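The values are calculated or read from the model by the stated rules, or taken from the named source; none is laboratory data. Here the structure is a predicted model, which means the values were calculated and not measured. No Cβ is skipped: glycine too gets one built from the backbone with ideal geometry, and neighbour counts run over all protein chains shown.
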Amino acid sequence: MPNNYYQPEAETMPVAEIKKLQEYKLIRQVRRTYENVPYYRNLMDQKGVKPEDIRTLEDIAKLPFLSKDDLREAYPYGLLGTDLSKCVRIQSTSGTTGKRVVAFYTQNDVDMWEDCVARAIVAAGGTKGDVCQIAYGYGLFTGGSGLHGGSHKVGCLTLPMSSGNTERQIQFMMDLNATILCCTPSYAAYIGESLAERGYKPEDNKLKAGIFGAEPWTEEMRRDIEKNLGIKAYDIYGLTESSGPGVAFECHEQNGMHINEDHFYAEIIDPDTGEVLPEGSKGELVFTSLDKEAFPLIRYRTRDICVLTREKCSCGRTFIKMTKPMGRSDDMMIIRGVNVFPSQIEAVLLKEGYAPNYQIEVDRVNNSDTLDVYVEMTSDSFSDTVKEITKKEKKLALAMRTMIGISPAVHLVPAKTIARSEGKAVRVIDKRKRLGINI
Ligand code: ADP
Ligand code: ZN
């Protein structure tokens, strides 16, 4: 089992010391932000809180939240925490849930971000001897440049492929003996499928690990990818607003992601009331970036739903862990009054032996919500009769009903008819939006 650290002094710091460090940095960050960011100063003034009121970590609950709407309102320069001349980089969100927002970085911010990613690569077993294939998109999206910077810091031989052109990905992976693959989990699944189609077996490649993130994926999907590529697959989490991938990462336990707590303070809140919830509760993840200079977000609401726990981890890291976000609060579909996440449907599909190629369509017909799930047939269904296919569809629909509480209409479609993703997969088409329904 790999059990190395990139920055052991931080990663294994005793919890009491982490808290002391966070407190010191929080007080500093609040003061700095109040002075330099009029937008946030206004929010604090409106709430009647001054920097002097923040003396302990718990005092953070007195501070106002920042939301994606604030970022859109303040776009592009309204949340800058430093002089623009000190900034060296701009990145942007993928715009998965609306208008893109931009984030700024000083050189210190880039260094901190790349250190966080380097920790993730080392936790996945990465060393100077590795060939790290980066198949996240490069450009404004943080996936490519984030993993690229981290790979350089570790000293891996970095293969900056960007996403797409799967033929070339496979050729370079095989010719240059890539040992670590970094991309979205949906693209990893697609690469696995493409390798098999070309007659490669999992043991034919030299890959040992994958670092996959930027979108939700289930444990079932992890096992599928691990089997098809012959690797260990590690989760990595992050968001552009608080730098990019690497805010949290998995160790060899593959059981929750350690949050880089020396740089980020995490809270879980009730998404409806904003109340801070105790450790172990499920709720919305809120981050405060303790070190960021150019884009110092305080109490930023991620809309990602997860649980935080600080249990002793066999890897020796002391950082708190977050569970895989099961989806964003805005990924959640409300169908006939029931809350449904695409990840629940994905879990059923993989458990029933299907590949993670699916699309969910929600609509409203005669004032009632409809849920259709399109799933590709497995190769053994190829010669099935219509009767047999209908039977399989019914079986799947029943398994989904048990999981989500409502009955979907399941449609088995021929293999390769659902579009593959090279970046973040689009799983849901909500046609109710055309009716002006606010979902
Ligand atoms: P956008 O919000 O436009 O997609 P980003 O590209 O910055 O912008 O994506 C950040 C979001 O991606 C996170 O808030 C989270 O919802 C999702 N995400 C990132 N990593 C993971 C992961 N490992 N598991 C689940 N969701 C993730
Ligand atoms: Zn660990």
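ASN177 passes every criterion in (1) surrounded by fewer than 18 Cβ atoms within 10 Å (Cβ to Cβ); (2) without any contact (Cβ under 8 Å) to a residue 40 or more places away in the chain; (3) not charged (D, E, K, R) apart from (2). Restricting ALA266, ALA294, ALA347 to residues that are small (Gly, Ala, Ser), more than 19 Å from the chain's Cα centre (by Cα) and surrounded by 16 or more Cβ atoms within 10 Å (Cβ to Cβ) narrows the list to ALA294. Residues in the stretch 308-333 that are out of contact with any helix residue (DSSP H, G or I) (no Cβ under 8 Å at 6 or more places or on another chain), at pLDDT 95 or above and either among the hydroxyl-bearing types (Ser, Thr, Tyr) or away from ligand 2 (no atom under 16 Å from the Cβ) (or both): 3 in all.
Against the conditions (1) within 29 Å of ASN42 (Cβ to Cβ); (2) modelled with pLDDT under 95; (3) more than 10 Å from ligand 1 (Cβ to nearest atom), ARG303 satisfies every one except (3).
Checking TYR6, TYR40 one by one, the residue that is farther than 22 Å from MET112 by Cα, modelled with pLDDT of 95 or more and surrounded by 16 or more Cβ atoms within 10 Å (Cβ to Cβ) is TYR40 and no other.
Taken together, the residues in the stretch 301-320 that are within 16 Å of the chain's Cα centre (by Cα) and either surrounded by fewer than 21 Cβ atoms within 10 Å (Cβ to Cβ) or over 25 Å from ASN108 (Cα atoms) (or both) amount to 6.
For the stretch 90-141, residues that are farther than 23 Å from GLY164 by Cβ and either assigned to a strand (DSSP E or B) or not assigned by TED's automatic domain parsing to the domain that holds THR166 (or both) total 5.
Taken together, ILE231, ILE259 contain a single residue that is touching a strand residue (DSSP E or B) at 6+ places or on another chain (Cβ under 7 Å), in contact (Cβ under 8 Å) with a residue 40 or more places away in the chain and more than 16 Å from ligand 1 (Cβ to nearest atom), which is ILE231.
Of the numbered criteria (1) surrounded by fewer than 24 Cβ atoms within 10 Å (Cβ to Cβ); (2) among the hydrophobic types (A, V, I, L, M, F, W, C); (3) touching a residue at least 40 places away in the same chain (Cβ under 8 Å); (4) under 16 Å from ILE231 (Cα atoms), the one CYS132 fails is (1).
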